[in-house]
Amino acid sequence: MSGAETFYVTTPIYYVNDKPHIGHAYTTLACDVLARFKRLDGFDVKFLTGTDEHGQKVEKSAETAGMAPLALADMNSANFRELARILNCSNDDFIRTTEPRHLAACQALWTALVDKGEIYLGAYEGWYSVRDEAFYAEDELVAGPGGTKLAPTGAPVEWVKEPSYFFRLSAWQDRLLKWYEDNLDCVGPQARRNEVISFVKGGLQDLSVSRTSFKWGIPVPGDEAHIMYVWLDALTNYITAVGYPDTSGDFARYWPNVLHMVGKDIVRFHAVFWPAFLMAADLPPPKRVFAHGWWTNEGQKISKSVGNVIDPLSLIETYGLDQVRYFLLREVPFGNDGDFSHRAMMGRMNSELANDYGNLVQRVLSMIGKNCGGQVPEHGPATDEDREMLDAAHGLLDKVRTAMDRQLYHEALEAIWVVIRAANGYVDRQGPWTLKKTDPPRMGTVLWTLAETIRSLALLTQPFMPTSSGRILDQLGIPEAERGFESFGAAHGLRSGTVLPAPQGVFPRFVEEVAG
């Protein structure tokens, strides 16, 4: 794909002391849909996910489990790799922070920061949360039970005093603010951008970037009593995967045209610390960081102690993979918080997938099978209504592309559903079952118009529901080579006379099993 525009998309790397849950699935799916969309749109895409395997939290979890930290990391990293496979994700790479390539990249970045005078040795004294792997100022803490202090996330904190290397973050306030001002799209959505700017305007303290009180991490070059702060280690994965410290090859090809997709709880690390580290090392900052919201379960905050954590594998088993992919990106505006409920899931599956989209495909292809000899029908002159239907279908790509470039998945899907609903209305108004008796050539034109509309819809739903959309395109006789967006539009319309396979339903209704 030499010469193609590049696009690099990353999930955060997932922490290995945890089991995969709906939040991990959500971020990974959002990246997968975007990666698939961009590939179909002719981009040279790199899609990265992986696991974050160092830090005090992993060391403690391993100790509790009676395992070596690497053994725990191996076991849990495999769960996240399996999650990506089960979600049918198209990631090009899966990075682990315990890999030799990552150690080399982290130590090279550290050395570059030292050479630029951006890191100095001092001593850290303050509040630290092991669970968040984050330091907190006194004024950020909240009161806990019995007069204890907690991090703003509710995590316990402990007073830490130890020698530490510091990154001169305080020197980057003005340069970060200028970066936000000069790059209006560098942090999204707007609420998160405002939050980041407000944090930076509030004043930045130098950041402790090494620890000596535990050993599970990447050693500081030249001072192995220290290991690197887990966030400096973790964030560096994004450039490790494009070959850093070699800045030719993949680095030159993909960096910094990158979108980092993250949960809103880690936006500060990605939109403040990370660009500062990069600029301080004379590397370009990322193009965009987008922070999505959190899910609740039937209106309740998800928590391990309540026992209402949503297992994505069990959702897929219950509802089907493409149905879960669709629901998670359709249900709420991406960037906002969302609530998972069985009723909402069932509603989307039955009303939008089965009734709207599935029914449209099934009845049109069944009529072609029955009345047109199982071939794409001939079509005569188009009426105003035919043209209106085709214009709506062929005009969809630009609308969907605009929404996807802003990570507005729900708007992209709504634009598609406007056309699906219009096509169902067009079938009802044209009545091809009546035209069969009164005007067979006109019936052929109506059914061709509908089949061509379905081709446009199926091309655009591929990133969201790859397997189901592929089955629809199979039933329209579309070869693999004609499923990219270069085949979108009137110039590539369905060829009359193409023999079609017998139609089969794609989106079954979800029927609840009644106990008894």
Within segment 476-489, identify whether any single residue is surrounded by fewer than 23 Cβ atoms within 10 Å (Cβ to Cβ), at pLDDT 95 or above, in contact with a strand residue (DSSP E or B) (Cβ under 8 Å, 6 or more places away or on another chain) and not in a loop (DSSP other than H, G, I, E, B), and answer yes or no.
-> no
Go through E53, E59, E82, E99 for me and flag whichever is touching a Ser or Thr at 6+ places or on another chain (Cβ under 6 Å) and either acidic (D, E) or under 30 Å from R406 (Cβ atoms) (or both).
-> E53
For Y14, indicate whether it is under 16 Å from R131 (Cβ atoms) and surrounded by 21 or more Cβ atoms within 10 Å (Cβ to Cβ).
-> yes
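Sort through T240, T296 and tell me the only one that's polar (S, T, N, Q) and open to solvent by 20 Å² or more (accessible area, probe 1.4 Å).
Going through T240, T296 in turn, just one is polar (S, T, N, Q) and open to solvent by 20 Å² or more (accessible area, probe 1.4 Å): T296.
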Would you point out the residue of segment 103-128, among those that are in contact with an Asp or Glu (Cβ under 8 Å, 6 or more places away or on another chain) and over 17 Å from P163 (Cβ atoms), that is most open to solvent (accessible area, probe 1.4 Å)?
-> K116
Answer from L494, L473, L459, L450 - the residue that is assigned to a helix (DSSP H, G or I) and over 29 Å from A30 (Cβ atoms) | L450
Would you please list the contacts, defined by Cβ atoms under 7 Å and residues six or more apart or on different chains, that run from a residue in segment 194-211 that is in contact (Cβ under 8 Å) with a residue 40 or more places away in the chain and under 27 Å from Q56 (Cα atoms) to a residue that is of a type in the set (D, E, K, R) and part of a loop (DSSP other than H, G, I, E, B)?
-> D206/R168
Quick check: is even one residue across segment 115-134 basic (K, R), touching a helix residue (DSSP H, G or I) at 6+ places or on another chain (Cβ under 7 Å) and under 20 Å from N237 (Cβ atoms)?
-> no
Scope segment 406-434; condition without any contact (Cβ under 8 Å) to a residue 12 or more places away in the chain and small (G, A, S); matching residues = G425, G431
Condition check for A134: among the aliphatic types (A, V, I, L, M), crowded, with 20+ Cβ neighbours inside 10 Å and modelled with pLDDT of 90 or more = no
E331 being under 20 Å from the mean Cα position of the chain (by Cα), among the charged types (D, E, K, R) and at pLDDT below 95 | yes
Take segment 162-212 and flag every residue that is of a type in the set (A, V, I, L, M), assigned to a helix (DSSP H, G or I) and surrounded by fewer than 16 Cβ atoms within 10 Å (Cβ to Cβ).
-> A171, L177, A191
What tally of residues in segment 30-63 results from selecting those that are open to solvent by less than 10 Å² (accessible area, probe 1.4 Å), among the charged types (D, E, K, R) and in contact with a Phe, Trp or Tyr (Cβ under 6 Å, 6 or more places away or on another chain)?
-> 0
Across segment 308-345, what is the number of residues that are open to solvent by 40 Å² or more (accessible area, probe 1.4 Å), of a type outside the set (S, T, N, Q) and over 19 Å from P508 (Cβ atoms)?
-> 7
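The values are calculated or read from the model by the stated rules, or taken from the named source; none is laboratory data. Everything numeric in this text was worked out from a predicted model, so none of it was measured. Ideal geometry is used to build each Cβ from the backbone, glycine not excepted, and the neighbour counts take in all protein chains shown. Surface areas here come from the heavy atoms of the whole protein model, side chains and all, with no ligands, DNA or RNA. Shrake-Rupley method; radii C 1.70, N 1.55, O 1.52, S 1.80 Å.
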